[in-house]
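*Asks:* Please see the structure below; I have some questions.
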Amino acid sequence: MQQVTDKELEKDRYLLYIYTPFCGTCALARSMLDKIESVHQQDIFYEMNASLNPDFMQAYKIESVPCLLIKEDGEIKDKVYAFKSIGNIYSYLMTYKPELFAKS
């Protein structure tokens, strides 16, 4: 997972994992995202420490962590707070990152 930069945040499309370092639920969510990236052997998600970005948290009305913020076509499409399972995250990836599933 790559640390998000201001340049990345300006893009029209990204999947941003927002967490805090001492959050147990965040650690569990991160392990799910890490497994997905491992299977696909690529960085799929950007990450942001909520504690270091209070202005972003307020501007985007992030209610809690962990959060998977999905930006598509220049606008926020979804904020996933309940990660539930790897299968649940894949349901979002099929919608917002279908190129992961294209046959090569």
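Where a number appears in this text, it was derived from the coordinates with a stated rule and is not lab data. Just so it is clear, the structure is predicted and the values come from calculations on it, not from any experiment. Cβ: placed from backbone, ideal geometry, glycine included. Neighbour counts: every protein chain shown.
*Asks:* Restricting to segment 1-34, and then to whatever is in contact with a helix residue (DSSP H, G or I) (Cβ under 6 Å, 6 or more places away or on another chain) and over 14 Å from Leu69 (Cα atoms), can you tell me which residue is surrounded by the fewest Cβ atoms within 10 Å (Cβ to Cβ)?
*Replies:* Once the filter is applied, the top-ranked residue is Thr20.
*Asks:* Among the numbered criteria (1) surrounded by fewer than 12 Cβ atoms within 10 Å (Cβ to Cβ); (2) touching a helix residue (DSSP H, G or I) at 6+ places or on another chain (Cβ under 6 Å); (3) among the aliphatic types (A, V, I, L, M), which one does Ile70 miss?
*Replies:* (1)
*Asks:* Out of curiosity, is Leu28 in contact (Cβ under 8 Å) with a residue 60 or more places away in the chain and within 20 Å of Ser51 (Cα to Cα)?
*Replies:* Here the answer is no, as Leu28 does not meet what is asked.
*Asks:* Within segment 36-55, take every residue that is surrounded by 12 or more Cβ atoms within 10 Å (Cβ to Cβ) and touching a residue at least 40 places away in the same chain (Cβ under 8 Å) and give me the one that is farthest from Tyr92 (Cα to Cα).
*Replies:* Taking the candidates together, the pick is Met48.
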